[in-house]
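Undergrad: What follows is a single structure, and I will ask about it in a moment.
Nothing in this text is a laboratory measurement; each read-out follows from the coordinates by a stated rule. In this text, all values refer to a predicted model and were calculated from it rather than measured experimentally. Note that each Cβ is placed from the backbone with ideal geometry, even for glycine, and that neighbours are counted across all protein chains shown.
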Amino acid sequence: MRLLLIVEDDHETRSTMTLLLSEAGYSVCDAADGSRALEKLRSLRPDLVLLDYGLPAPQGGEEFLLRKAADPEIAATPVVLLSGYNLPTEMDGTVAVIQKPFEFEALLAVIERFVGPAQKPDTDAA
């Protein structure tokens, strides 16, 4: 099953994304800040990171991307940047930028483009 790491400081947003992506068939782990996200990235090796660019200091989205890029073991993990800021559609260290607020279907389309469709458990198996 594809594993996604959601990095979002807003508890409600993080919980909602976790629930919706889990229901869509993805395995999901999450982190509320950049430091914990790097720890989970190193230990769990998710297939894709969904990163809130506006994380608070000391390790915001930009700092997370710099630290991730400096670590050869995790540098290649794709990152989709989620932001309420008006950012360019392409940024170093990311594979896509999605403007907040976003439609869930648009997020799913981007996730599927980079890691493939969710692998829903077989509910018919005995």
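Undergrad: Between rounded, prolate and oblate, where does the chain land on the alpha carbon gyration tensor, with a ≥ b ≥ c its root eigenvalues, rounded for a/c under 1.5, else prolate if a/b exceeds b/c?
TA: Cα axes put the chain in the prolate bin.
Undergrad: Could you run the Debye sum over the Cα atoms of region 13-86, one equal point scatterer each and no solvent, and tell me log10 of I(q)/I(0) at q = 0.12, 0.13, 0.24, 0.28 Å⁻¹, two decimals?
TA: Values returned for q = 0.12, 0.13, 0.24, 0.28 Å⁻¹ are -0.31, -0.36, -1.22, -1.49.
Undergrad: Right, here's the next one. About the Cα centre, and with charges only on the beta carbon of Lys, Arg (+1) and Asp, Glu (-1), how big is the dipole of region 34-115? Nearest 20 debye, please.
TA: 220
Undergrad: A further question on this structure: Take the Cα pairs of region 1-46, get the Kirkwood Rh, then feed it into Stokes-Einstein at 37 °C and 0.692 mPa s and tell me D in µm²/s.
TA: Approximately 311 µm²/s, per Stokes-Einstein.
Undergrad: In sequence order, what are the phi-derived ³J(HN,Hα) couplings for region 47-64 according to the Karplus relation 6.51 cos²θ - 1.76 cosθ + 1.60 with θ = phi - 60°, rounded to whole Hz, with x for glycine and proline?
TA: Karplus-based 3J(HN,Hα) across region 47-64 equals 7, 7, 10, 9, 10, 6, 5, x, 4, x, 5, x, 10, x, x, 5, 5, 4 Hz.
Undergrad: Just to check I understand the Karplus step: with θ = phi - 60° and J = 6.51 cos²θ - 1.76 cosθ + 1.60, what whole-Hz values come out for region 74-80, glycine and proline as x?
TA: 10, 4, 7, 5, x, 10, 9
Undergrad: Tally Lys and Arg at +1 and Asp and Glu at -1 over the other residues with C-beta under 12 Å from the C-beta of Val115: what net charge comes out?
TA: 0
Undergrad: Near the amide H of Tyr26, under 5 Å away, which other amide H atoms are found, from residues 5 or more places off or on another chain, if H is placed in the peptide plane?
TA: Counting only residues 5 or more places away or on other chains, the set is empty.
Undergrad: May I ask which residue of Leu55, Gly93, Val80 lies farthest towards the positive end of the charge dipole of the chain, with charges of +1 (Lys, Arg) and -1 (Asp, Glu) on Cβ and the Cα centre as origin?
TA: Going by the Cα projections, it comes out as Gly93.
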